[in-house]
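Engineer: Pasting in a structure now, in structure tokens, and then I'll have a few things to ask.
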């Protein structure tokens, strides 16, 4: 871990020296020609990836999986000129967007918070930061509980980012993106292999120094991800990956609420410090390393071992809304100034054995897994109340008073989480028409929390949980699949920094999901249509004890019933589409929580619209030109569970024009074509942090492929 703690500039320069010498050696060898062969229904297309391992940890066709999986390909990311997770995930049906406290990627899936449900190449990546897209090959959103393979969390689903890996085919590209509001971003991708293809190397990275449509907004970001793959023996490969991120940006959580709606001010209006770059910023540093060893023991027997270690630090300097005083045109907002420090280190190891067994017309694709891990998390928080009071409708920002960091922190805790898990899965093929997917996982999670404040509210507990899954798939012909599935996940208190006096007395929250659906391959496997009906219920949710406000009661319950429909891929020659629709009937069915003396029981969960719909279409025009366009509709949502603040529904349209010659590419996109004013995200747990959507924005990306 010593290398991970070096300054980012030192890490980057060291890695570029190493990568440069390796790539120079590889360049001295002649690269063999590469032949790509596709057939049948596994063809796929630019917007459709027919195979994924997100739901099963083994690569299988999506039509064989009795669960909803949405895949956002690299081609779609580039066509929409997406530069953030929020840009990418808005195209996924059933996903709601959160401001994430201005410090992290955060969404809801099917009405349930997915704050900790982030993964990278199948390994947990739950540190709270904004991930960079420069090293992302595609993003997979797995819907419904997934504890059977991934452990704790995933009530509504999880997000898995698949990283770019070294290839036999040379990769050499540089891209520059600028827009009218001050975005300036450069991405690079460099990869080579030797003639024998026994060694492959790749380095991706990005540098960004951008402004935005929000007052004082800025991002300064450097990301680099080197990787190398070696064929060390026949049937054995070793993949080494690094990931380093230095991110500094304005701590911006949008605008407060007024009389049940976000306050009606110009969408550029920022409520914070007059010196935002110095006083209200978020500094994040992430370093991670992954080693993956794969060995073929026999033609039908493979062993895979993955070890990932990471180091994460956060220096968050931000403001919160203390109160809004309603005096009509003279209304004011009072803010507090805060400083939060987090340091986190962790390591995970997964060992998996995959095996194929054929017995006549029955085939078993078996997966046996062992996972161990440890996370060490530390947090400190200081706050200064009544730092400033501004006019709600015309804030004149001031330099905020300093925080006394010599005073004891109001939050000061040291947490350690240890996990050990065993899991087994069997995908059973019963002839050509029937498949059964069954799995079971056992988790043991031990947590120790040392409260270093005067309250000294320590916690020590161990949870032991079983997570099952069962699904059946019927395929009457090569292009149609019908399925039904049941699964369960759990969420212990281990991922939360919020504790009360009796926190260690409750078993983990439990989520149960039932889903039926259909999947159809279209256009000879170049596109797919999927539809699903589901019922997801989460029980044992900790709520306030109605008899004692300093304690918890495990009396909460939430349910979402819904429908999701998606179409992706090449539907006809030269036509690529991505379409998604979700209907979510979500309700907090039981709760003892009170907000301003009013119960939230029976309310709709925050950030969960009843209806959402999006589409994107790309048409090749010939001679390297293509045109794209689409729209997104999001229904009305509530900023938090108390339903006190409502975000109105909205429709935004985007368009794009592209020229791609293979050597030189140009992309021009126009987002929010009709300059609609809307709110794209809110907090989910508070009402005064509502983020305006960007105005009409023209952006250009220039890409050179060497």
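Computed from the coordinates by the stated procedures, all read-outs in this text should not be read as laboratory data. As the structure is a computational prediction, the values presented were derived from the model and not from experiment. FYI the Cβ positions are ideal-geometry reconstructions off the backbone, even for glycines, and counts take in every protein chain you see.
Engineer: Quick check: from the Cα gyration tensor, does the range 422-528 come out rounded (a/c under 1.5), prolate or oblate?
Structural biologist: prolate
Engineer: Right, next: So if each residue of separation counts as 0.36 nm, and I subtract the Cα-Cα distance between residue 484 and residue 595, what length gain in nm does that give?
Structural biologist: 36.1 nm
Engineer: Rounded, prolate or oblate: which fits the range 204-335, taking a ≥ b ≥ c as square roots of the Cα gyration tensor eigenvalues, rounded meaning a/c under 1.5, else prolate when a/b beats b/c? Mind showing how you got there, number by number?
Structural biologist: Values: a/c = 4.01, a/b = 2.95, b/c = 1.36.
In terms of gyration-tensor shape, prolate.
Engineer: Give me Rg/Rg_expected for the range 3-705, where Rg uses Cα atoms only and Rg_expected = 2.2 N^0.38 Å with N residues.
Structural biologist: 0.94
Engineer: If you scale each eigenvalue of the Cα gyration tensor by 5 and take the root, what three semi-axes come out for the range 567-706, rounded to whole angstrom and sorted largest first?
Structural biologist: 40, 17, 11
Engineer: Give me 322, 273 ranked fewest to most by other Cβ atoms within 10 Å of their Cβ, as a rough exposure proxy.
Structural biologist: With the sparsest Cβ surroundings first, the list reads 322, 273.
Engineer: If you scale each eigenvalue of the Cα gyration tensor by 5 and take the root, what three semi-axes come out for the range 356-405, rounded to whole angstrom and sorted largest first?
Structural biologist: Working: eigenvalues 771, 83, 8 Å².
For the range 356-405, the semi-axes come out at 62, 20, 6 Å.
Engineer: Say each of residue 169 and residue 184 gets a label point 7 Å from the Cα, pointing the same way as Cα to Cβ; how far apart are those two points in nm?
Structural biologist: Computed distance between label sites residue 169 and residue 184 equals 3.4 nm.
Engineer: Quick one: the Cα spread of the range 206-274 along its three principal axes, in angstroms, biggest first?
Structural biologist: Projected onto its principal axes, the Cα set of the range 206-274 covers 68, 27, 16 Å.
Engineer: Quick one: order 326, 105, 451 by neighbouring beta-carbon count within 10 Å, fewest to most.
Structural biologist: Starting with the residue having the fewest Cβ neighbours, the order is 326, 451, 105.
Engineer: If you average the sequence gap of Cα pairs under 8 Å that are 6 or more apart and divide by the length of the chain, what percent do you get for the contact order? Each step should come with its number before you reach the end.
Structural biologist: On the way: 2033 pairs, mean separation 87.2, N = 706.
RCO, the chain: 12 percent.
Engineer: Continuing with the same structure: In percent, what relative contact order does the range 50-139 have, based on Cα pairs under 8 Å that are 6 or more apart in sequence?
Structural biologist: 24 percent
Engineer: Going by Cα centres, the range 536-610 and the range 409-435 are how many Å apart?
Structural biologist: Using only Cα atoms to place each centre, the spacing works out to 22 Å.
Engineer: Moving on to the next point. Give me the distance between the Cα centres of the range 160-205 and the range 272-305, rounded to whole Å.
Structural biologist: Between the Cα centre of the range 160-205 and that of the range 272-305, the gap is 17 Å.
Engineer: A further question follows. Residue separation times 0.36 nm, minus the C-alpha to C-alpha distance between residue 550 and residue 363: what's the value?
Structural biologist: 61.8 nm
Engineer: What is the fewest-to-most order of 683, 376 by other Cβ atoms lying within 10 Å of their Cβ?
Structural biologist: By the 10 Å Cβ count, ascending: 376, 683.
Engineer: Shifting gears a bit: May I have the pair-distance distribution P(r) for the range 334-381, computed from all Cα-Cα distances with 10 Å bins from 0 and rounded to whole percent?
Structural biologist: Percent of pairs per bin, in order: 18, 24, 19, 15, 12, 9, 4, 0.
Engineer: Kindly identify the range 341-429 as rounded, prolate or oblate by the Cα gyration tensor criterion: order the square roots of the eigenvalues as a ≥ b ≥ c, call it rounded if a/c is under 1.5, otherwise compare a/b with b/c, prolate if a/b is larger, else oblate.
Structural biologist: Values: a/c = 6.86, a/b = 2.71, b/c = 2.53.
Note, shape of the range 341-429 comes out prolate.
Engineer: How big is the range 236-298 in terms of Cα radius of gyration and Dmax, in angstroms?
Structural biologist: Every Cα atom of the range 236-298 included, Rg and Dmax give 22.2, 67 Å.
Engineer: Could you work out the helix-only [θ] at 222 nm for the chain, with each DSSP H run of four or more residues adding -39,500 (n - 2.57) and the total divided by the number of residues, to the nearest 500 deg cm²/dmol? Don't jump to the answer; show the numbers that get you there.
Structural biologist: Working: 5 runs with 39 residues, N = 706.
For the chain, the value works out to -1500 deg cm²/dmol.
Engineer: Working out 0.36 nm times the residue gap between residue 391 and residue 323, then minus their Cα-Cα distance, what length gain in nm do you get to one decimal?
Structural biologist: 23.3 nm
Engineer: Could you work out the relative contact order of the range 538-624, using alpha carbon pairs under 8 angstrom and six or more residues apart, expressed as a whole percent?
Structural biologist: Relative contact order of the range 538-624: 27 percent.
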